[in-house]
Amino acid sequence: MKPADDLNGSTGIPGRSIQAILAVSTALIIIVVIVLALTVSYLQASDDAAREYDALRGYTEQNGVESVRLVDTGLGLIDEEFNPAMKEGLLEFSRAYSAASNDPSAVDLDTLKDELAPGFPGEVDLYIIDTDGIIRFSTVPDVLGVDFRRYPAFYTRLTAVREGDAFAADRVVRSIEDQSDLNVSGRLRKFAYLPSPDHRFVLELGIDTPEFADVRSQFSYTDVVRVLMQNNPDLAGVRIVDVYGNIVAGNDTGEIAGADVMRVLQNRTSTTSDNPADSTTSRLIYVDLRDPPTVTDGSMVLELVFDRSRLDAVREYLLVTYLAIGLAAALVGIALAFGLSRYIGTAIGAVIDDADRIAAGDLDHTIRGMNTAEFVRLERSINRMVQRIRHYSEEIERKESELRIAAEIQTSFLPRTTPEIRGCEIAAFTHPAKEVGGDFYDFVDLGEGRYALIIADVAGKGVPAALYMALSRTTVRTVARGCNVASETVRRSNETIIEDAGSVSFVTLLYAVFDEQARTLTYVNAGHNPPVLRRRDGAVETLEPTGPVIGFLEGVEFEEVTVPLRPGDLLVFYTDGVTEAENEDGGMFGEERLCAVIDAAASRSAPEVAGAIRDAVAAFAGDAPQFDDITVVVLRIGD
């Protein structure tokens, strides 16, 4: 029979050591936690790098498209200066055609060219194009026989000019040098067109002057390419291609674009393609620059080649870094696990020894316990944490209260009522994207039956835009009360805003003065969305920009335009929050939907038209979040 000591002693009890179990378990837990934490951290960091790459890419695409449009707009304003003179020249051309008994071969084009030349800069050329789109007569021998049916879109528009009665003018475009020039890569010229009196031919007048190249050197697409390349380190290449496939700026300038670019031009749809071989992504963005009054389509393709090598290098660096951190952390964790298990095992062993001594009869011996002060500290830490959370919640509530007050103050800036104008109806509304916004509208009674109608959009959203909105609204209203000229009001407002706030932001502004007696609207459009003017007969006009945005450039002048308003006309002012409202699929509301809503509600009152627009935008957006402020002002001329 075994002694009692052998049955109860530590050496006689089978099983694993608690110290070993604790060490192995703790080490495994530490390793699992490290692996999971580092994996999640790596994936998060990798996603952050990818989002940064995508965000920069998206910004580059948007900035590139807007820059191309801006350059095109600037060139368009300059090109239109020649239209009046070209129209007079074509009318003289038409009279000469009629004087020749409608026989184009009897028209002395060279003599007519000499007579017209003093009225134009550079060299003037004349062309007569038949119903088949072929140049039959011209002062430029090399282009005789050129067949425009090779360019279906241009030929269709040319046919419409021949069958109509209106003068049409192109922008400054590349010209065809001869019958072999299939890509229209000749010199820069400006062309205008007029149907012959018998509609058998199209009479064409062209201007060739070095000034065109000089102007385009000032409004250069090359600068767009340079700025895009400077602002995005992932951009490997940029090209801007015209509708004929000529590369007007960027890499390989002067060559002809590839088949992919030509398909984009043909389909008028942007495409994206990846090239795994060199880690690049090619983005072909169709920039629709079609202008209905012109014959030639000025649309372009912005080709952006993004290099993903920097993103791949960042991900590779993150992977190596996190692996190294994980290995080091695992080794330290294992060492700490064995140290902790030894410490706990020793303490437990001491308790067992003390229990053995008491069991052995030493009743005065006390058991040595473990210090639990950490739990007290944990309790204190949790209490402090709860106190801080309570403090942060109160701070958030306070800031939300301040934003509500700010929203109420901003709402008070807007007119509480619309002016009562004899024979007219006015309605307006605004919906900020956040608690406060940067849109505003206003009405100012200028006296003597004249009323200023104002709508504006400050760049940005939230509190900064709201502050700038308050400054802009106060400035424009103050200047308007002391100035009777619309263009001068906008000019003074621009100078005052820059003087007070500097060029920290900018405002798109539509300032219009309605004359109750004359029933005219004199407006200045400072870079704002063109308002829609629907005539009673259903014709639609837009009040195009007459100057740049305000608050950004000093010393600029603004042009004012006066349009007559007749009974039954409907005028809708709006901000880009209307046309750029997105649905859940990312589609935009657009100008076509806006015009369709206006046309459908044209017979209704001004408040009903405004309500129809508001309801249409809300229905289109659905549950998609509102990203920009929405403001609409409607003016209806009574019968």
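Being modelled with pLDDT of 95 or more and crowded, with 21+ Cβ neighbours inside 10 Å: is that true of residue 524 here?
Judged against the criteria, residue 524 is a match.
In segment 211-232, how many are within 11 Å of residue 67 (Cβ to Cβ), buried (at least 16 other Cβ atoms within 10 Å of the Cβ) and modelled with pLDDT of 80 or more?
Of the residues in segment 211-232, 3 are within 11 Å of residue 67 (Cβ to Cβ), buried (at least 16 other Cβ atoms within 10 Å of the Cβ) and modelled with pLDDT of 80 or more.
If you go through segment 547-578, how many residues are touching a residue at least 24 places away in the same chain (Cβ under 8 Å), under 21 Å from the mean Cα position of the chain (by Cα) and more than 29 Å from residue 619 (Cβ to Cβ)?
6
Based on what the data block shows, is residue 248 outside any helix (DSSP H, G or I), within 24 Å of the chain's Cα centre (by Cα) and modelled with pLDDT of 85 or more?
In short, no.
From the list 46, 101, exactly one residue is out of contact with any strand residue (DSSP E or B) (no Cβ under 9 Å at 6 or more places or on another chain) and outside any helix (DSSP H, G or I). Which is it?
101 is the lone residue from the list that is out of contact with any strand residue (DSSP E or B) (no Cβ under 9 Å at 6 or more places or on another chain) and outside any helix (DSSP H, G or I).
Filter segment 570-590 for residues that are surrounded by 14 or more Cβ atoms within 10 Å (Cβ to Cβ), assigned to a loop (DSSP other than H, G, I, E, B) and not acidic (Asp, Glu) and give the result.
Answer for segment 570-590, where residues must be surrounded by 14 or more Cβ atoms within 10 Å (Cβ to Cβ), assigned to a loop (DSSP other than H, G, I, E, B) and not acidic (Asp, Glu): 575, 581, 583, 589.
Is one or more of the residues making up segment 551-558 under 21 Å from residue 443 (Cβ atoms) and at pLDDT 90 or above?
Scanning segment 551-558 turns up at least one residue that is under 21 Å from residue 443 (Cβ atoms) and at pLDDT 90 or above.
Collect the residues in segment 447-499 that are among the charged types (D, E, K, R) and either buried (at least 24 other Cβ atoms within 10 Å of the Cβ) or in contact with a strand residue (DSSP E or B) (Cβ under 8 Å, 6 or more places away or on another chain) (or both), keeping them in residue-number order. Don't jump to the end; show me each part of the working.
Looking only at segment 447-499, we keep the residues that are among the charged types (D, E, K, R), and these are 448, 450, 457, 461, 473, 477, 481, 488, 491-492, 495, 499.
Within segment 447-499, 450, 457, 473, 477, 481 meet the criteria.
Residue by residue, here is whether (1) hydrophobic (A, V, I, L, M, F, W, C); (2) farther than 25 Å from residue 62 by Cβ; (3) in contact with a Ser or Thr (Cβ under 7 Å, 6 or more places away or on another chain) holds:
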site	(1), (2), (3)
524	yes, yes, yes
540	yes, yes, no
561	yes, yes, yes
596	yes, yes, no
608	no, yes, no
637	yes, yes, no
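Taking the criterion of being of a type in the set (Lys, Arg) and loosely packed, with under 13 Cβ neighbours inside 10 Å, would at least one residue in segment 558-569 satisfy it?
yes
Would you tally the residues in segment 287-327 being in contact with a strand residue (DSSP E or B) (Cβ under 8 Å, 6 or more places away or on another chain), charged (D, E, K, R) and in a loop (DSSP other than H, G, I, E, B)? Show your work before the answer.
Step one: of segment 287-327, the residues in contact with a strand residue (DSSP E or B) (Cβ under 8 Å, 6 or more places away or on another chain) are 287, 289, 291, 293-296, 298-308.
Still in the running and charged (D, E, K, R): 291, 303, 307-308.
Add one more test, that the residue is in a loop (DSSP other than H, G, I, E, B), and what stays is 291, 308.
Adding up the residues that qualify gives 2.
Return the pair list, or none, for Cβ contacts closer than 7 Å from residues in segment 312-326 that are more than 10 Å from residue 46 (Cβ to Cβ) and not assigned by TED's automatic domain parsing to the domain that holds residue 279 to residues that are exposed (fewer than 12 other Cβ atoms within 10 Å of the Cβ) and not hydrophobic (A, V, I, L, M, F, W, C), at least 6 apart or on different chains.
none
Name the single residue that is farthest from residue 568 (Cα to Cα) among those in segment 590-602 being in contact with a strand residue (DSSP E or B) (Cβ under 8 Å, 6 or more places away or on another chain) and of a type in the set (A, V, I, L, M, F, W, C).
So the residue we want is 594.
Which is farther than 24 Å from residue 232 by Cα, modelled with pLDDT of 85 or more and over 31 Å from the mean Cα position of the chain (by Cα), of 38, 91?
None of the others qualify; the one that does is 91.
Criterion first (aliphatic (A, V, I, L, M) and more than 26 Å from the chain's Cα centre (by Cα)) does residue 320 satisfy it?
In short, yes.
When the residues of segment 612-633 are filtered to those that are free of Cβ contacts under 8 Å to residues at least 40 places away in the same chain and not in a loop (DSSP other than H, G, I, E, B), which remaining residue is nearest to residue 427 (Cα to Cα)?
Among those that are free of Cβ contacts under 8 Å to residues at least 40 places away in the same chain and not in a loop (DSSP other than H, G, I, E, B), it is 612.
Do the conditions hold for residue 388, that is, is it charged (D, E, K, R), at pLDDT 80 or above and either surrounded by 11 or more Cβ atoms within 10 Å (Cβ to Cβ) or in a helix (DSSP H, G or I) (or both)? Please lay out each step first, then the result.
On the way: charged (D, E, K, R): yes; at pLDDT 80 or above: no; either surrounded by 11 or more Cβ atoms within 10 Å (Cβ to Cβ) or in a helix (DSSP H, G or I) (or both): yes.
Judged against the criteria, residue 388 is not a match.
Taking into account only those residues within segment 256-277 that are touching a Lys or Arg at 6+ places or on another chain (Cβ under 9 Å) and more than 16 Å from residue 242 (Cα to Cα), which is surrounded by the most Cβ atoms within 10 Å (Cβ to Cβ)?
Only one residue fits best here, namely 271.
When only residues in segment 528-542 that are under 23 Å from the mean Cα position of the chain (by Cα) and surrounded by 19 or more Cβ atoms within 10 Å (Cβ to Cβ) count, which is nearest to residue 592 (Cα to Cα)?
532
The values are calculated or read from the model by the stated rules, or taken from the named source; none is laboratory data. Everything numeric here is computed off the predicted structure, so don't read it as measured data. Neighbour counts are summed over all protein chains in view; Cβ atoms, including those assigned to glycine, are modelled from backbone coordinates with ideal geometry.
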